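Before any comments, here is the structure.
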Amino acid sequence: MTTETSSHQLTIIFNDGTVQTYALMATQGDGTQMVSRLKSIMDSTLLTLEVENRLMMFPIANIRSLELTPSLPKLPDTVIRHVQLVP
């Protein structure tokens, strides 16, 4: 396990209801690089993570939703910003 500090959390909710959360290390790049990577993931058929020296691949078809916390300051143009969840 690395000693780098976590900058974001990625939560994956799978179609079967399973939830997995991963800490993304601060070395993932600046906001522009993260937006580019996010766009690539949206166009891909796999979400691929390197987790503790293992390569993990998740078919996008098996994923119900992804949550990145906190949000990025720079986001793709397709994102509707400043939205609040209504209970």
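The values are calculated or read from the model by the stated rules, or taken from the named source; none is laboratory data. What you are looking at is a predicted structure, and each value in this text was computed from that prediction instead of being measured. Heads up, the Cβs are rebuilt from the backbone with ideal geometry, glycines too, and the neighbour counts pull from every protein chain shown.
Among residues belonging to the range 26-46 that are charged (D, E, K, R) and not in a helix (DSSP H, G or I), point out the one that is modelled with the highest pLDDT.
Checking each candidate, the answer is ASP43.
Any residue in the range 70-84 that is in contact with a strand residue (DSSP E or B) (Cβ under 7 Å, 6 or more places away or on another chain) and either among the aliphatic types (A, V, I, L, M) or surrounded by 10 or more Cβ atoms within 10 Å (Cβ to Cβ) (or both)?
Within the range 70-84, none of the residues are in contact with a strand residue (DSSP E or B) (Cβ under 7 Å, 6 or more places away or on another chain) and either among the aliphatic types (A, V, I, L, M) or surrounded by 10 or more Cβ atoms within 10 Å (Cβ to Cβ) (or both).
Please enumerate the residues belonging to the range 1-24 that are closer than 16 Å to THR69 by Cβ and modelled with pLDDT under 80. Lay out the reasoning, then the answer.
Start the filter on the range 1-24 by keeping residues that are closer than 16 Å to THR69 by Cβ, which leaves 5-13, 19-24.
Within the range 1-24, THR5, SER6 qualify.
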